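J.: Can you keep this structure in mind? I'll have questions shortly.
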Amino acid sequence: MSQTFDEISRQLGRRHRRSARLKWVSMAALGMAGLFLLWFFSDMLNKGLPAFQQAYVKTTVSYNEQAARDGRQAIAPGLVPLVSRTEVRGIPRLLRNNPDMIGTRDTGWLLATSEVDQYLKGHRNTLSEEEQAEIEDRVAKGQIALRFNTTFFIQGDSRIAESAGILSAIVGTIMTMIVTLAIAFPIGVMTAIYLEEFAPDNRFTQLIEININNLAAIPSILFGLLGLAIFINFFGVPRSSPLAGGMTLALMTLPVIIISTRTALRSVPDSIRHAAFGVGCSQWQVVRDHVLPLAMPGIMTGSIIGLAQAMGETAPLIIVGMVAFIPDVGVSFTNAATVMPAQIFTWAGEPEKAFVEKTAGGILVLLAVLVSLNACAVVLRKKFERRW
Amino acid sequence: MQSQSVFLTFCAGLLLLGLLAFLAGRYKAVRMRRTGASMYAQPDQYAWFAVLSTAGPAILIGALSAFFLLLLDASVPTFYWLAVSLAVAGAGLALGVAQVRPAFHARKAIERVIRGILALAALISIAATFGILFSIISEALRFFQLHSLWGFLTGTTWSPGASFLASAGRGDGSGAEFGSVPLFAGTFMITLIAMLVAVPIGLLSAIYMSEYAPGRVRTFAKPMLEVLAGIPTVVYGFFAAITVAPLVVTMAGWVGLDASYNNAVAPGFVMGIMIIPFISSLSDDVINAVPDSMRQGALALGMTRGETIRDVVVPAALPGIISASLLGMSRALGETMIVVMAAGMRPNLTANPLEDMTTVTVRIVAALTGDQEFASAETLSAFALGLVLFVVTLSLNLVSVLMIRRFREKYRVNNL
């Protein structure tokens, strides 16, 4: 029994509608990923940007005899509850170190407590009606204001929300990354050169290749277990130190650097090698003087991307103890330190509401660093990329 | 520090001897060449060979002996260690300089040494894998001496609570139970939610990008998806805990359900978003690798575009798509920070994703961040859990690699 034309064209219409639907659905899937990204970044900016501002109280500090023992005596009594404890505590120490300052006065902006800060930003706080009215009054007089939060960038961690800063984590990240790169870059590049230029195609080489791909897919937390059991417990590397963390991360970054270096080496055309061999270079001379310089931009790009990945990694560092509380900025490879993602993790666990803002602020700093690193890699690739 | 100063002395001595070797080798080679001898290599190459023969054996012996001393826990006075290493360096120097003669092929010798060094570097990645295996297995074995393997795999109660008391000398530790079933149930629940989010979105995005999208959209969309993979997991964790979890609770409230703030949906959803690029980028490559002749054949038979994709392209690319999903799944199983920050701590055997539940990785972190001694059963349990995690992710990766290899062989694609 044959179909009529009407039936056939109805059927065709259905099929074409279904075909169009797949296009719209797949487009919507991509759109959803984009929307999520938009939601994510706007949420982070919304939560994190206020962290770059901080409430300060303008007041006159009179360094008198009593203040050398009790910092509260230096500040007008009405202001004491509004000024951060860290400022008040710092006064006696300051006077002990500079005794000739006693008797002088100083007018400046002091850190306010996080309660004042949260109130000014319109967040939840525990201030009473009278206190809020007083703050409003002082804001109108210009005695309390939101200013750029320098403390956040020049201080280490603190249990007091308003004086917690990210500098010690930044320094720790830099130290850890130095260790990571110092280990992963030479070993990674050397491995890649061996596999690409020297290795015979035998079972052993295949084993190494499979192993590298496998290493890239091992969950990061297992690297932490390795760091704990071997680096710390067996070799006695100090716990929580950038050395332990950096070595652990180096093993994780290794596959990234190896894979990108191999791609870069492979993209150098064989004619270059043939020409160099033709003028009598040995194999190592060909690699060192001809192939490696041409592959260098690709290697650098891959290493920067690997570095960015290592910089955002947290789980293995928690296992090797890099979630330490580090109030003072210390430049050392063997002392306890913390890194930016670990600092974010620590702050995220603080119960105080003001720390949510700190956490998001720290995240913005971390994301800014990662974005600029990746932008560096892209620029490097665009600028030096050669198509043969 | 004692060992630090010894190490510094060693380095300084080696540097000095190396410099000496370089100068002596070069001086000898230059003088020999001046006499008119025709030599195989340049003076610099002889010099570098002398340096290598000075430093190489000394570093090798020094490092190996230090390693074995550490392994055997023996204490040889560092002075002897230093003296032996430097004596080896001196002997190497003498040997290297003696080798400076016209018939010696210094460049080839250097080449061999460099090749050896490169191969050694390649071995480090293998050492890393074995290091992970060894460290996890040896500690896990210690755990299984304390608690039975069977109980670990089939027990439904995970309460390590009393074990730290036992290691502190209080209590007998008998109250501790290590049944890992609730942990695996939680892990698979969260992974399932993640895959439910990631596979459709990732696959459909890949289909859109490879089959429909104009070039302009492609150049814009691919990096956008890569950004999702570049966001640190701790940031995702914060987002899941602070923004998504309360949202889930509110939304569950609308339909009259009671959700915990540590529900499994929030970390699962965010983890799914994180995995999208892993699935989409590999699927995209695979779909692009399906030969155009198949599309042309299907279209020539009168199939619509959608039918071609659904009935021809996707089935052809299926091994690659499954492989991508398995990779994404192993990523989800091993993901730590999102679940540590957003999922619960309580081992909870339930099928309700709105309740709080915990995962393997959360328990590993919890066991290793507490203030307890390393040999306690709870700390060791982290390694047992790590072993299971390692085995599961490794087998997922292997299956994934095998599937992609089959696809590659079928369509003779080389760039996958």
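J.: So how do B:381-389, A:199-207, A:331-339 stack up, highest first, on mean other-Cβ count within 10 Å? Write out the running numbers ahead of the final one.
T.: On the way: B:381-389: 25.8, A:199-207: 11.0, A:331-339: 20.3.
Top of the packing list down: B:381-389, A:331-339, A:199-207.
J.: Between B:Thr219, B:Thr187, B:Thr336, where does the largest GNM mean-square fluctuation fall for chain B, given springs only between Cα atoms within less than 10 Å?
T.: B:Thr219
J.: For B:Trp158, which sequence-distant residues (separation of 5 or more, or a different chain) have an amide H within less than 5 Å of its own amide H, given hydrogens modelled in the peptide plane?
T.: For B:Trp158, the qualifying residues are B:Gly179.
J.: When the solvent-accessible surface of protein heavy atoms is calculated with a 1.4 angstrom probe, in what order do B:Trp158, B:Trp150 fall, highest first?
T.: Reading off the accessible areas and sorting them downward yields B:Trp150, B:Trp158.
J.: Once you average over the residues of B:220-233, how many Cβ atoms of partner chains fall within 10 Å of each Cβ?
T.: 5
J.: For chain A, modelled as a GNM with alpha-carbon contacts under 10 angstrom, which of A:Trp24, A:Trp347, A:Trp109 fluctuates the most?
T.: Result: A:Trp24 has the largest fluctuation of those listed.
J.: Hey, another quick one. Straight-line reach from A:Lys47: which aspartates and glutamates have a Cα under 19 Å away, not including same-chain ones fewer than 8 places off?
T.: Those aspartates and glutamates meeting the cut-off are A:Glu115, A:Asp117, A:Glu162, A:Glu350, A:Glu352, A:Glu357.
J.: Compute, for the range A:1-157, the length of the dipole vector about the Cα centre, with Cβ point charges of +1 (Lys, Arg) and -1 (Asp, Glu) only. Units Debye, rounded to 20.
T.: Using only the charged Cβ atoms, the result is roughly 1140 debye.
J.: For the range A:140-214, which GluC sites (Glu not before Pro) are both in a DSSP coil and crowded by at most 13 other Cβ atoms within 10 Å? Show your work: numbers first, answer last.
T.: Values: sites: A:Glu162, A:Glu196, A:Glu197, A:Glu209; in loops: none.
Nothing satisfies the criteria.
J.: Can you check what the net charge comes to around B:Met345, using other residues whose Cβ is under 11 Å from the Cβ of B:Met345 (Lys, Arg +1; Asp, Glu -1)?
T.: On the way: positive: B:Arg346, B:Arg363; negative: B:Asp356.
Taking every Cβ under 11 Å from that of B:Met345, the sum is +1.
J.: Rank A:Ser267, A:Ser241, A:Ser282 by mean-square fluctuation in a GNM of chain A with C-alpha springs under 10 angstrom and give only the top-ranked residue.
T.: Fluctuation is largest for A:Ser282.
J.: Where does helix B:245-254 land angle-wise versus the long Cα axis of chain B, in degrees 0 to 90, nearest 10?
T.: It is inclined by approximately 10 degrees.
J.: What does the average come to when, for each residue of peptide A:18-28, you count the partner chain Cβ atoms lying within 10 Å of its Cβ? Intermediate results must be reported in sequence, preceding the final value.
T.: Numbers: counts 4, 8, 3, 1, 11, 8, 2, 5, 15, 8, 4.
Mean shielding by partner chains, rounded to a whole number: 6.
J.: For peptide B:193-206, how many partner chain Cβ atoms fall within 10 Å of a residue's Cβ, on average?
T.: Details: counts 0, 0, 0, 0, 2, 0, 0, 4, 8, 3, 2, 9, 9, 3.
The mean count of partner-chain Cβ atoms within 10 Å per residue comes to 3.
J.: Moving on to the next point. Rounded to whole Hz and in sequence order, give me ³J(HN,Hα) for the range B:14-19 from the Karplus expression 6.51 cos²θ - 1.76 cosθ + 1.60, θ = phi - 60°, writing x for Gly and Pro.
T.: Using θ = phi - 60°, the values come out as 5, 4, 5, 5, x, 4 Hz.
J.: If R0 is 45 Å, what FRET efficiency do you get for A:Val139 and B:Arg405 from their C-beta distance, rounded to 0.05? Can you show the working numbers first?
T.: Details: r = 68 Å, r/R0 = 1.51.
Once the sixth-power term is evaluated, E becomes 0.10.
J.: In degrees, nearest 10, range 0 to 90: what is the angle between the Cα axis of helix B:314-334 and the longest Cα principal axis of chain B?
T.: For B:314-334 against chain B, the angle is about 80 degrees.
J.: Given a cut-off of under 8 Å on Cα pairs at least six residues apart, what relative contact order in percent is computed for the range A:225-359? Before the final figure, lay out the partial values.
T.: Numbers: 145 pairs, mean separation 46.0, N = 135.
Reported relative contact order: 34 percent.
J.: Quick check: at a probe of 1.4 Å, how many percent of the accessible area of chain A sits on carbon and sulfur atoms? Kindly include the intermediate steps, with their values, before the conclusion.
T.: Details: 10730 of 18350 Å².
After summing per-atom areas, the C and S share lands at 58 percent.
J.: Please list, ordered by chain and number, the residues whose modelled amide H lies under 5 Å from the amide H of A:Lys58; skip anything fewer than 5 residues away on the same chain.
T.: A:Leu110, A:Ile144, A:Ala145
J.: Any idea what the relative contact order of chain B is, in percent, if you count C-alpha pairs under 8 Å spaced at least 6 apart?
T.: Working: 560 pairs, mean separation 70.1, N = 416.
Computed value for chain B: 17 percent relative contact order.
J.: If you don't mind, another one. When the Karplus curve 6.51 cos²θ - 1.76 cosθ + 1.60 is applied with θ = phi - 60°, which whole-Hz ³J(HN,Hα) does each residue of the range A:296-304 get, with x for Gly and Pro?
T.: 4, x, x, 5, 4, 4, x, 5, 5
J.: With a/c under 1.5 counting as rounded, go ahead and sort chain B into rounded, prolate or oblate using the C-alpha gyration tensor (a ≥ b ≥ c being the square roots of the eigenvalues; past the cut-off, prolate if a/b is larger than b/c, else oblate). Kindly include the intermediate steps, with their values, before the conclusion.
T.: On the way: a/c = 3.09, a/b = 1.43, b/c = 2.16.
It is oblate, given that a/c is not under 1.5 and a/b is not larger than b/c.
J.: Roughly how tilted is helix A:354-384, in degrees to the nearest 10 and between 0 and 90, from the longest Cα axis of chain A?
T.: Once rounded, the angle reads 40 degrees.
J.: Relative contact order of chain A: what whole-number percent is it, with Cα pairs under 8 angstrom and at least 6 residues apart?
T.: On the way: 549 pairs, mean separation 75.4, N = 388.
Relative CO of chain A lands at 19 percent.
J.: Quick one: order B:Arg412, B:Arg331 from most to least accessible surface, probe 1.4 Å. Each step should come with its number before you reach the end.
T.: Details: B:Arg412 200, B:Arg331 90 Å².
Per-residue accessible area, sorted high to low, gives B:Arg412, B:Arg331.
J.: Where does each of A:145-156, A:129-140 land if you order them by average Cβ count within 10 Å, highest first?
T.: A:145-156, A:129-140
J.: Additional query: Mind ordering A:164-174, B:6-16 by average Cβ neighbours within 10 Å, highest first? Mind showing how you got there, number by number?
T.: Numbers: A:164-174: 23.3, B:6-16: 14.0.
The peptides rank, most packed first, as A:164-174, B:6-16.
J.: How much area per residue is accessible in the protein assembly as shown when the probe is 1.4 Å and only protein heavy atoms are counted (Å²)? Intermediate results must be reported in sequence, preceding the final value.
T.: Details: 37850 Å² over 804 residues.
Counting only protein heavy atoms, the per-residue value for the protein assembly as shown is 47 Å².
J.: Could I ask something else about it? Of the cross-linked pairs A:Lys23/B:Lys410; A:Lys382/B:Lys410; A:Lys121/A:Lys141, which ones have a Cα-Cα span greater than 23 Å in the structure shown?
T.: Numbers: A:Lys23/B:Lys410 28 Å; A:Lys382/B:Lys410 35 Å; A:Lys121/A:Lys141 18 Å.
From the list (A:Lys23/B:Lys410; A:Lys382/B:Lys410; A:Lys121/A:Lys141), the Cα-Cα distance tops 23 Å for A:Lys23/B:Lys410; A:Lys382/B:Lys410.
The values are calculated or read from the model by the stated rules, or taken from the named source; none is laboratory data. Quantities reported herein were computed from a predicted structural model and do not represent experimental measurements. Backbone-built Cβ (ideal geometry, glycine too); neighbour counts: all protein chains shown. Quick note on the areas: whole protein, heavy atoms, side chains included, nothing else; ligands and nucleic acids left out. Shrake-Rupley method; radii C 1.70, N 1.55, O 1.52, S 1.80 Å.
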